[in-house]
Amino acid sequence: FEMCPGRVLCKVPCSGEKEVDLAVQSAKAAFKIWSQMSGMERCRVMLEAARIIREQREEIATLETINNGKSISEARADIDISWQCLEYYAGLAGSLAGEHIQLPGGCFGYTRREPLGVCVGIGAWNYPFQIACWKSGPALACGNAMVFKPSPFTPISVVRLAEIFTEAGVPKGLFNVVQGGAATGQFLCQHPDVAKISFTGSVPTGMKIMEMAAKGIKPVTLELGGKSPLIIFADSDLENAVKGALMANFLTQGEVCCNGTRVFVERKILDTFTKEVVKRTQKIKIGDPLLEDTRMGALINRPHLNRVQGFLKQAKEQGAEVLCGGDLYVPDDPKLKNGYYMRPCVLGNCKDDMTCVKEEIFGPVMAILPFDTEEEVVERANATKYGLAGGVFTRDIQKAHRVVAALKAGMCFINNYNSSPVELPFGGYKFSGFGRENGRVAMEYYSQLKTVLVEMGDVESVF
């Protein structure tokens, strides 16, 4: 494998209405077999899929780097999270259970957790393989089938996941992949045999999906955008806070929905913190993402790079100061000269009403904003339509818990950022969506509850 920016990797035919229907019908047939298996039987198959991913970690990570442009070290971490996700849900598959309720006169009731049927997963291009595992893990553990549509910008690695599931022993067609853009997504959402939709992506697309799902009364999980606050108090460990800010802004070239892109810094340490962040940002190694020492690869495509550059132009016009980066980067390697690279950017002199502070840029751009009091920063942090994540850096543990309790966000970090263990639920408030990926709670989003009432005597009749 080698990186060759701008080159066509492969051509993938878009799935039309006919192909989508074939995928759904195939998944429906596989669901009949899979849903009748015990949780422990499903557990064994999923553990095998996790084992294969773990064994092929390097190959899949390389495929993902070429698929997306992120550094190989990050891609390896994505693949590790992916097999851990399947292992975690394999472990929960055998624990899916209801409860028994004793009633008067020897009567009783019980509940059953049952699978939904054919679920649809629609993924984003920033974590293609990982998102597919995050969605298929709980779905399959609960006994469902899944038809998955990756982003048209990253169609490759999810096909490998489908092959791995088949190799591991799932019924043929249980995890199907369809390719395409908005039209393919529409056919999936409107298909009468689809029971649920889980989507990761932008707010406008999430709205459309929710609208389409409403016509079929289909439950949805939406994991949408964010403009998350990262609050750095003066009493924090400065070295750790700087590392946290870099993690919160520059992973996957800044193309991460939960990134803490509004960095609120207590005024007492503003200059020291800013100086250190700029120094560290300038040292980030950009280039061929397949090289071990590369820390930042290429953005997803030319239109997206242009969009990020447009945000920066507007930021400067509105009075923000570019403290470092923001310009296009041309690597020394001639074969990378047409790559979609830019230098990671730190913006100073930012105000809450600037576009770069209000809108999700989805690129390597950090906005630094000073604050004076805890009360003030909490109010400003919450003054957004988004509510995906939030971070707090402080040595004062009471203050840390007090502030995260006040933040209107679904995923909060204390003295760290952008770590998403599969054991913990992930998802947002407000425009950032609803429903949760990961954790035990995801099993509830991929199953439905049936109540059974058993009468032990004669029916009490009023007639």
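Restricted to region 290-344, and to residues that are touching a helix residue (DSSP H, G or I) at 6+ places or on another chain (Cβ under 7 Å) and without any contact (Cβ under 8 Å) to a residue 40 or more places away in the chain, which residue is farthest from Val357 (Cα to Cα)?
That would be Gly326.
Name, by its number, the condition in (1) in the same structural domain as Asp372 (by the TED database); (2) assigned to a loop (DSSP other than H, G, I, E, B); (3) farther than 30 Å from Asn338 by Cα that does not hold for Lys268.
(2)
Quick test for you: out of Glu423, Glu460, pick the one residue that is open to solvent by 30 Å² or more (accessible area, probe 1.4 Å), acidic (Asp, Glu) and more than 17 Å from the chain's Cα centre (by Cα).
Testing whether each residue is open to solvent by 30 Å² or more (accessible area, probe 1.4 Å), acidic (Asp, Glu) and more than 17 Å from the chain's Cα centre (by Cα) leaves just Glu460.
Return yes when Leu369 is surrounded by 20 or more Cβ atoms within 10 Å (Cβ to Cβ), out of contact with any helix residue (DSSP H, G or I) (no Cβ under 8 Å at 6 or more places or on another chain) and among the aliphatic types (A, V, I, L, M) and no when it is not. Please lay out each step first, then the result.
On the way: surrounded by 20 or more Cβ atoms within 10 Å (Cβ to Cβ): yes; out of contact with any helix residue (DSSP H, G or I) (no Cβ under 8 Å at 6 or more places or on another chain): no; among the aliphatic types (A, V, I, L, M): yes.
Here the answer is no, as Leu369 does not meet what is asked.
Just checking: which of the strands (runs of 3 or more DSSP E) contained wholly in region 30-126 hold 2 or more residues that are open to solvent by less than 40 Å² (accessible area, probe 1.4 Å) and of a type outside the set (Val, Ile, Thr)? Write out each step before concluding.
Values: elements: 100-102, 108-115, 118-122.
The strands (runs of 3 or more DSSP E) meeting that bar are 108-115, 118-122.
Being assigned to a loop (DSSP other than H, G, I, E, B) and free of Cβ contacts under 8 Å to residues at least 60 places away in the same chain is the filter; apply it to region 4-26 and report the residue that is most open to solvent (accessible area, probe 1.4 Å).
Let us first name the residues in region 4-26 that are assigned to a loop (DSSP other than H, G, I, E, B), namely 4-16.
In the following step, the residues that additionally are free of Cβ contacts under 8 Å to residues at least 60 places away in the same chain were identified as 7-8, 11.
Details: Arg7: 124, Val8: 98, Lys11: 183 Å².
The extreme case among them is Lys11.
Can you pull out the residues in region 427-441 that are under 29 Å from Glu99 (Cα atoms), touching a residue at least 60 places away in the same chain (Cβ under 8 Å) and touching a Leu at 6+ places or on another chain (Cβ under 9 Å)?
Within region 427-441, Gly427, Phe434, Gly435, Asn438, Arg440 meet the criteria.
With the checklist (1) within 24 Å of Ala27 (Cβ to Cβ); (2) hydroxyl-bearing (Ser, Thr, Tyr); (3) in contact with a helix residue (DSSP H, G or I) (Cβ under 6 Å, 6 or more places away or on another chain) in hand, flag the one item Ser38 doesn't pass.
(3)
Please go through region 197-217 and pick out each residue that is open to solvent by less than 30 Å² (accessible area, probe 1.4 Å) and either assigned to a loop (DSSP other than H, G, I, E, B) or at pLDDT below 95 (or both).
Answer for region 197-217, where residues must be open to solvent by less than 30 Å² (accessible area, probe 1.4 Å) and either assigned to a loop (DSSP other than H, G, I, E, B) or at pLDDT below 95 (or both): just Gly201.
For region 139-196, enumerate the residues that are assigned to a strand (DSSP E or B) and open to solvent by 20 Å² or more (accessible area, probe 1.4 Å).
Asn176, Val177, Ala195
Determine which single condition Cys258 fails, assuming it passes every other condition in (1) under 30 Å from Thr394 (Cβ atoms); (2) assigned to a loop (DSSP other than H, G, I, E, B); (3) open to solvent by 10 Å² or more (accessible area, probe 1.4 Å).
(3)
List the pairs whose first member sits in region 210-227 and is touching a residue at least 60 places away in the same chain (Cβ under 8 Å), whose second member is small (Gly, Ala, Ser) and assigned to a helix (DSSP H, G or I), and whose Cβ atoms are under 7 Å apart, counting only residues at least 6 apart or on separate chains?
Matching pairs, first to second residue: Val220/Ala213; Leu222/Gly206; Leu224/Gly206.
The values are calculated or read from the model by the stated rules, or taken from the named source; none is laboratory data. Note that the structure is predicted; figures quoted are calculated from it, not measured. Because the Cβ atoms are built from the backbone with ideal geometry, glycine has one as well, and the counts that use them run over all protein chains shown. Calculation scope for accessible area: heavy atoms of the full protein, side chains included, ligands and nucleic acids excluded. Shrake-Rupley method; radii C 1.70, N 1.55, O 1.52, S 1.80 Å.
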